[in-house]
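Data first, discussion second: the structure below is written as structure tokens.
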Amino acid sequence: FSVDYFNGGYALISILNGDRFLVVPEDADTPDDVDADIVILKRPVDHIYLVATSAMCLFDALDSLDAIALSGTKADRWYVENAKTAMQDGDILYAGKYSRPDYELILATGCKLAIESTMINHTPEVKEKLQELGIPVLVEQSSLEEHPLGRTEWIKLYAALMDKED
């Protein structure tokens, strides 16, 4: 992935699979001349359905678990203690695994973004349905990184989403 920063606080995230996301600051306007294939994400990016389990520790490190509303993993399966606690407290709800999401719950919570692992490629109809429902899908690809530090570097992508680059 890469993140390009522009004047005014805009960030363009480009992922190896060709997906691109323009993160627009909360008080800024969306530019008129954005390519049709770029997904617009207006800050705050919250009410996230996080299915890519490897990203949870990165959101935790950014102190951004409050942006996660839904999980694709049940509370008792989490190795990230803060995620487990948030689910036990009802702050993050289980919304089904990648291949069988609870679309009604996802819509009812006002989900703004689904972050999926590459496993979603095995069930493309789920990604298509989420997009059909107006939910952008970011396919997290840190598992394709050859080195552990490359996987950890994905924190920069999430920092751009959360406006926590510092």
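The values are calculated or read from the model by the stated rules, or taken from the named source; none is laboratory data. Every value quoted in this text rests on a predicted model; they were computed, and no experiment measured them. Heads up, the Cβs are rebuilt from the backbone with ideal geometry, glycines too, and the neighbour counts pull from every protein chain shown. For accessibility, only protein heavy atoms count, side chains too; no ligands or nucleic acids. Shrake-Rupley method; radii C 1.70, N 1.55, O 1.52, S 1.80 Å.
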message: Quick check on region 143-152. Is at least one of its residues touching a strand residue (DSSP E or B) at 6+ places or on another chain (Cβ under 9 Å) and within 24 Å of residue 23 (Cβ to Cβ)?
response: no
query: Taking helices (runs of 4 or more DSSP H) that do not extend beyond region 43-144, which have at least 2 residues that are over 24 Å from residue 1 (Cα atoms) and open to solvent by 50 Å² or more (accessible area, probe 1.4 Å)?
result: 81-88, 103-108, 124-132
task: Please name all residue pairs, on different chains or six or more residues apart, with Cβ atoms under 8 Å, provided the first residue is in region 13-38 and is part of a loop (DSSP other than H, G, I, E, B) and the second residue is among the acidic types (Asp, Glu) and surrounded by 15 or more Cβ atoms within 10 Å (Cβ to Cβ).
output: 25/163
